[in-house]
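Single-structure report; data block below.
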Amino acid sequence: MKLQTGGKKFFGKAILAGAALAGLLAFGAVPRASADDYDACQRRVARADHKLHEAAERHGWNSRQADHARHELREARERCWNERHRWWDEDGHRWHTDRDWDDHDHDRH
């Protein structure tokens, strides 16, 4: 009888340990994926912001190229907002949690 009881205890502990390991693996990857999403969002906005500055330097702030770059920056910010309800301000180097960007915020530079 002791062998059967000992076997049941071992089996129960193995199931519990397996469930705990599965939980750690499942929930341990979630914050990392979220951080990757924030990094990707930040890179997209920074790239679009940089392209706007390049277009403005080469063609002027009121050029067709700058308008296109402004549109791309707005889309990058919108995508971040739709995915994470925050957007990256490249000039201020911070996240905003309000949808308070101005499409012509760079025109004052």
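Before moving on, here are some points about what is shown:
- Label point distance in nm, residue 96-residue 84, each placed 7 Å from Cα along Cα→Cβ: 1.5 nm
- Computed Kirkwood radius, in angstrom, where 1/r is averaged over Cα pairs of segment 69-109: 10.4 Å
No lab work stands behind these numbers, since they all come straight from the coordinates. A quick note: this is a predicted structure, and the numbers were derived from the prediction, not measured. Every residue, glycine as well, gets a Cβ built from its backbone with ideal geometry; the counts of neighbours run over all protein chains shown.
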